[in-house]
Amino acid sequence: QVHFVESGGGLVQPGGSLRLSCVPSESRFNIGTVGWYRQVPGNPRELLGTISVGGRTDYSDSVKGRFTISSDIAKNTVYLQMNDLKPEDTAVYYCNGEVDSESGSIWDVWGQGTQVTVSS
């Protein structure tokens, strides 16, 4: 079954930056509306922001001004640029949303996530 593949996570010092990528696991699917989420064990999943098919973005207050969501249609990729990272940003980051193909659309598609650790 098609899923998202997140990449770009890793260990970074406070104040550093990372760019995460989100792509469908099968190239025949195109990304539609997508949101970025993060989660730590024992905590609820947190919505960080969304990007629509038309490129409109919206952000949660916790990351507004530091995180930026963008997309590249040619590369069929959605990005999450994270700047001025803080230890509180440590979490597993996921993308979730819609993928489209000639056969139809699938909603609520998740990936395995990518770990982001912010520590000195």
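The values are calculated or read from the model by the stated rules, or taken from the named source; none is laboratory data. Treat the numbers as computed from the prediction; the structure is a model and nothing was measured. Positions of Cβ are backbone-derived with ideal geometry, glycine not excepted, and every protein chain shown enters the neighbour counts. These area figures cover heavy atoms from the full protein model, side chains too; ligands, DNA and RNA do not enter into them. Shrake-Rupley method; radii C 1.70, N 1.55, O 1.52, S 1.80 Å.
Okay, here's what the table says:
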read-out	value
Residue under evaluation ASN30, criteria (1) closer than 17 Å to TRP107 by Cβ; (2) without any contact (Cβ under 8 Å) to a residue 12 or more places away in the chain, criterion not met	(2)
Matching residues in the range 1-17 - criterion: being touching a residue at least 60 places away in the same chain (Cβ under 8 Å) and open to solvent by 50 Å² or more (accessible area, probe 1.4 Å)	HIS3, VAL5, SER7, LEU11, GLN13, PRO14, SER17
Residue, farthest from GLN1 (Cα to Cα), within the range 87-111, restricted to residues that are of a type in the set (Gly, Ala, Ser) and in a strand (DSSP E or B)	ALA91
Subset of the range 18-76 (residues that are open to solvent by less than 60 Å² (accessible area, probe 1.4 Å), closer than 13 Å to ALA91 by Cα and either in a loop (DSSP other than H, G, I, E, B) or among the polar types (S, T, N, Q) (or both))	VAL40
Test result for ASP84, surrounded by 12 or more Cβ atoms within 10 Å (Cβ to Cβ), over 25 Å from VAL2 (Cβ atoms) and not β-branched (Val, Ile, Thr)	yes
Residues (in contact (Cβ under 8 Å) with a residue 24 or more places away in the chain and hydroxyl-bearing (Ser, Thr, Tyr)) located in the range 62-99	SER71, THR77, TYR79, THR90, TYR93, TYR94
ASP89 being within 14 Å of the chain's Cα centre (by Cα) and open to solvent by less than 50 Å² (accessible area, probe 1.4 Å)	yes
Selection from the range 97-112 of residues that are open to solvent by 20 Å² or more (accessible area, probe 1.4 Å), under 29 Å from VAL12 (Cβ atoms) and touching a strand residue (DSSP E or B) at 6+ places or on another chain (Cβ under 6 Å)	TRP110
